[in-house]
Amino acid sequence: MTAISTMMKTQVWTVDMDDTVHEVEEFMGSHGLSWVPVRDPAGTMVGVIGAADLLQFHIRKGDPAATVAWTICTYKPISVAPGTSVSDVARLMLHHKVHHVVVVDAERIVGVVSSLDFVRQLV
């Protein structure tokens, strides 16, 4: 069994739950991110914001300078332990129809995995 820790990215960019959508978009753009975990003041993940969340926000014509991250994030995203098998993570992603998984150890974010990481693993 190959653990997900062998293919996760350990450099994890996060945003704070009280950052504005404008700040989140600037942060994601400057780091070339398509999604980002959202954390509370204690550093615990409360959700994730992805490109689809931002698109929906703009379709609803929200004010990015007056709206904070926690109000648009996807709550309780799929998270796994570092020792979870790669195949189990792939099954979870397929079952829940998600492209991103957060790897958590004792409620601390230690890595992230995207569907693109699985493609990289194959080539």
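Out of the residues in the stretch 35-83 that are of a type in the set (S, T, N, Q) and free of Cβ contacts under 8 Å to residues at least 24 places away in the same chain, which is nearest to W13 (Cα to Cα)?
T71
Taking the stated definitions as given, is G47 touching a strand residue (DSSP E or B) at 6+ places or on another chain (Cβ under 8 Å), under 18 Å from T6 (Cα atoms) and of a type outside the set (A, V, I, L, M)?
Judged against the criteria, G47 is not a match.
Could you list, in sequence order, the residues of the stretch 84-111 that are touching a residue at least 12 places away in the same chain (Cβ under 8 Å), farther than 16 Å from T6 by Cβ and among the hydrophobic types (A, V, I, L, M, F, W, C)?
L92, M93, V98, V102, V104, I109
Do we have A106 as more than 30 Å from Q121 (Cβ to Cβ), among the small types (G, A, S) and over 16 Å from the mean Cα position of the chain (by Cα) here?
no
I'd like to check something: does the stretch 95-110 contain any residue that is surrounded by fewer than 16 Cβ atoms within 10 Å (Cβ to Cβ), out of contact with any Lys or Arg (no Cβ under 9 Å at 6 or more places or on another chain) and modelled with pLDDT of 95 or more?
Yes, that holds for at least one residue.
Within the stretch 26-45, is there a residue that is over 16 Å from L116 (Cβ atoms), at pLDDT below 90 and either in contact with a Cys (Cβ under 6 Å, 6 or more places away or on another chain) or buried (at least 16 other Cβ atoms within 10 Å of the Cβ) (or both)?
From the stretch 26-45, those over 16 Å from L116 (Cβ atoms) are 26-27, 29-30, 37-45; that's our starting set.
With at pLDDT below 90 added as a condition, the list becomes 42-45.
Those left that are additionally either in contact with a Cys (Cβ under 6 Å, 6 or more places away or on another chain) or buried (at least 16 other Cβ atoms within 10 Å of the Cβ) (or both): 45.
Yes, that holds for at least one residue.
The values are calculated or read from the model by the stated rules, or taken from the named source; none is laboratory data. Since we're looking at a predicted model, the values are computed, not measured. With ideal geometry, Cβ positions are generated from the backbone for all residues, glycine too; neighbour counts draw on all protein chains shown.
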